[in-house]
1. Scale the Cα Rg of region 201-307 by the rule-of-thumb value 2.2 N^0.38 Å and send over the ratio, two decimals.
2. Viscosity 1.567 mPa s, temperature 4 °C: give me the Stokes-Einstein translational D for region 128-272 in µm²/s, with Rh taken as the Kirkwood radius over C-alpha pairs.
3. I need two numbers for the chain: Rg to one decimal and Dmax as a whole number, Cα atoms only, in Å.
4. Give me the percent of Cα-Cα pairs in region 20-142 that sit more than 16 Å apart, rounded to a whole number.
5. Could you work out the Rg to Rh ratio of region 127-180, with Rh taken as the Kirkwood radius (inverse of the mean 1/r over all Cα pairs)?
6. Using helices alone, I'd like the mean residue ellipticity at 222 nm for the chain: each DSSP H run of four-plus residues gives -39500 (n - 2.57), total over residue count, nearest 500.
7. Measure out, as a whole number of angstrom, how far apart the alpha-carbon centroids of region 239-308 and region 156-220 sit.
8. Could you give the nm distance between label points at residue 286 and residue 32, where each point is 7 Å from its Cα heading toward the beta carbon?
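Values quoted throughout were computed directly from the atomic coordinates according to the rules given, and no laboratory measurement underlies them. Source: prediction; values computed, not measured. Here the Cβ positions follow ideal geometry from the backbone for every residue, glycine too, while neighbour counts run over all protein chains shown.
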């Protein structure tokens with residue numbers, strides 16, 4: 001939720017998200033964090049509110065996140081929290097009244113959804129579309145498909161080479177969206193949503209080894225982790241972080257931690273700060289960015305290690 005509601009300075013609809021935040025509160029939005037899975041047996045769903053189940057929540061570095069098993073533990077947290085924000089914060093048209101804060105943005109979402117459905121870029125079997133139409137939730141489900149593809153949540157899915165959302169959306173990745181669903185891609189273009197994940201990802205204490213922020217086609221979870229830029233290693237196991245091209249903030253745990261870079265040490269500046277942090281800046285453009293390291297024992301470069 002904090003990721004979605006973090007201001008996006010200079011954007012068309014997200015420069016100041018306080019109106020959206022206040023609408024969520026004023027409209028009495030409820031997020032239900034429920035045990036188990038969405039199998040129809042949890043009576044708490046009758047309480048009203050947006051459900052999010054235990055088996056739909058992944059923790060960065062945890063087994064569910066690393067293994068990316070879509071059948072048992074698909075990460076639905078982005079989708080379900082988005083639904084709540086969309087319904088009660090952004091707002092949905094074609095109801096008896098518009099209770100949200102962003103009718104202009106919703107109009108763009110509706111236009112993109114209508115085009116995607118008509119052009120068979122998004123959808124599903126007709127019974128599902130009929131159900132969504134009756135609920136007036138077409139735009140919510142469409143936007144969730146766009147968001148999931150945009151943040152790489154379906155990149156590792158082996159069920160289709162070209163589609164995401166169980167085959168219901170024409171793009172699996174951000175790059176594919178720009179050509180396959182240009183109106184959907186435009187919804188992400190400095191409108192409301194950040195291009196990276198704004199929250200601090202606390203890497204699960206069970207993780208050991210190299211947690212990669214850098215996209216690697218052979219490591220499924222990096223379809224998603226490539227958009228992280230603020231991570232904290234937790235616990236005491238020796239674990240490391242491989243940087244991406246963003247300006248990262250990386251905090252170590254009580255074990256021995258390394259941060260790994262792409263180039264030779266001579267291609268970076270290393271500056272120790274008064275607060276104990278170290279700032280490592282890649283002097284090669286569009287490669288490793290500017291990384292602020294706290295509680296990290298060493299930096300690993302191509303051919304050398306530097307003790308921090």
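1. Numbers: Rg = 12.8 Å, N = 107, 2.2 N^0.38 = 13.0 Å.
Against the compact-globule rule of thumb, the ratio is 0.98.
2. Numbers: Rh = 17.2 Å.
Using the Kirkwood radius from Cα pairs, D works out to 75 µm²/s.
3. Answer for the chain, Rg first and Dmax second: 20.7, 65 Å.
4. On the way: 5128 of 7503 pairs.
Summing the P(r) tail past 16 Å for region 20-142 gives 68 percent.
5. Reported Rg/Rh, Kirkwood definition of Rh: 1.01.
6. Working: 11 runs with 87 residues, N = 308.
Calculated at 222 nm, the ellipticity per residue is -7500 deg cm²/dmol.
7. Region 239-308 and region 156-220 have Cα centres separated by 24 Å.
8. Here the answer is 4.8 nm between the modelled labels.
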